[in-house]
Each structure stands twice: as structure tokens, then as C-alpha cells.
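The values are calculated or read from the model by the stated rules, or taken from the named source; none is laboratory data. These numbers come from a predicted model, not from an experiment. Reconstructed Cβ throughout: ideal geometry from the backbone, glycine too, with neighbour counts over all protein chains shown. The accessibility values were calculated without ligands, DNA or RNA, using every heavy atom of the protein model including side chains. Shrake-Rupley method; radii C 1.70, N 1.55, O 1.52, S 1.80 Å.
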Amino acid sequence: MTLSSTTPPTHSPKASRWVVMGVCGCGKSTVGAALAERLGAPFIEGDKFHPAENVAKMSAGFPLDDADRAGWLRALADEIGRARDRGEGLVVSCSALKRRYRDLLRQADPELRFAHLQGPRELIADRLGRRTDHYMPPTLLDSQLRDLEALQDDEGGIRLDIALPPDGLVERIIEQD
């Protein structure tokens, strides 16, 4: 599901494609939607691309494994590839926890960039504990932190501290664009 922004871009009209990544509760959706608005690009909420089986598994408190994530990642890669083929910008929220997941997404667009939102476990756990509108229970945070392979310097992107407010995070990403 793609949501288009009607706000004109507030910076260069270059067709940038970004994945806002990180563990559950780090602010991917909030930052991703705000970034898409600033870029004048569509925003894809990656969670909406999970099949019902994945949602049921997570809702029951079981972490996803590589096999569970494979189809979901391919679906997001397809969306990224279509945007690239059309020469359009795009922002996707996706945990992209492992480098091989990011590599798969980059196969659809070698110029794809990542904004890795990171912060202390305690802050993320606090945010998750206050969240009431999501199927992902706070108990899965530790499994995501175990799986997380931080964005590396050679991967094209930026690592950001979630202690900054969302607007500040978006500004930092725009500076990299």
C-alpha cells in the first residue's frame, strides 16, 4: 500500500529512495512518513506488506525468522524497483535488521540509501510499552536487537540517534540526500 504525499518537496526534486530502518519502536513509521512528505515522495509502511501469517506469529509473541521475512522483503524490493524504474522517489519503513536483507533491497536499486534509527534499549522499550496501536508486542524487542546488524559505513546511508526529535532526524537525512 502506497500513500502519496500532496505536499510539494521542500528541497531538491531529485528522486531519492530511502529505507528508514531499525528495530520495532524506534520511530521508523513516524520518521519515514515525515521524510516522504519533505521529499514529496510516496511513503510505504513496510508493516502493511507482512502476510497475515507473519502478523499472527508476531501478535502471538513469536519472532520472525529469515524464512518468514523472505516474501515480505521481496515484496518491498519489488516496490523499490518499480519506483527506480519510473525514476521516482520513495521512502519505505522496514526493519531491515540484517545486512543480507538490505543487500536484497539494494538489488532492486543499487542507489537505495538507509537511515538507521538507533537508541538505547530502555528508550525503545519505553516507547513500545506506551504503544497501543500495533500488533508487535514489546516482548519481541530483544529478539530484534539480537538479529540487528547495524548499518555499516560501506552501505550508503546514515545512522541516527533516536534521542533527537523526528523533525531533527528528518533534517539529518535531508542533509545526506
*Test: LEU97 is surrounded by 18 or more Cβ atoms within 10 Å (Cβ to Cβ), among the hydrophobic types (A, V, I, L, M, F, W, C) and touching a helix residue (DSSP H, G or I) at 6+ places or on another chain (Cβ under 8 Å)*: yes
*How many residues are surrounded by fewer than 14 Cβ atoms within 10 Å (Cβ to Cβ) and not charged (D, E, K, R) when one looks only at the range 72-94?*
1
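Filter the range 143-158 down to residues that are within 25 Å of MET58 (Cβ to Cβ), buried (at least 16 other Cβ atoms within 10 Å of the Cβ) and touching a strand residue (DSSP E or B) at 6+ places or on another chain (Cβ under 9 Å), then give me how many there are.
Count: 2.
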*Considering ARG106, ARG99, ARG86, which residue is farther than 27 Å from PRO166 by Cα and either among the basic types (Lys, Arg) or within 16 Å of the chain's Cα centre (by Cα) (or both)?*
ARG86
*From GLU45, GLU37, residue being within 24 Å of ARG127 (Cβ to Cβ), under 16 Å from the mean Cα position of the chain (by Cα) and open to solvent by 40 Å² or more (accessible area, probe 1.4 Å)*: GLU37
*For ARG130, indicate whether it is open to solvent by 10 Å² or more (accessible area, probe 1.4 Å), modelled with pLDDT of 95 or more and within 24 Å of VAL55 (Cα to Cα).*
no
_I'd like the residue in the range 1-50 that is closer than 21 Å to GLY81 by Cβ and of a type in the set (Asp, Glu) and, out of all such residues, is modelled with the highest pLDDT._
GLU45
*Check the range 140-154 and report whether any residue there is closer than 12 Å to VAL20 by Cα, touching an Asp or Glu at 6+ places or on another chain (Cβ under 7 Å) and not small (Gly, Ala, Ser).*
no
_Any hit, the range 49-68, residues being small (Gly, Ala, Ser) and not in a helix (DSSP H, G or I)_ = yes
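Please go through the range 105-127 and give me each residue that is in a helix (DSSP H, G or I) and either touching a residue at least 40 places away in the same chain (Cβ under 8 Å) or open to solvent by less than 50 Å² (accessible area, probe 1.4 Å) (or both), ordered by number.
LEU105, ARG106, ALA108, LEU123, ILE124, ALA125, ARG127
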*So ARG172 fits all but one of (1) without any contact (Cβ under 8 Å) to a residue 60 or more places away in the chain; (2) closer than 27 Å to ARG69 by Cα; what number is the exception?*
(2)
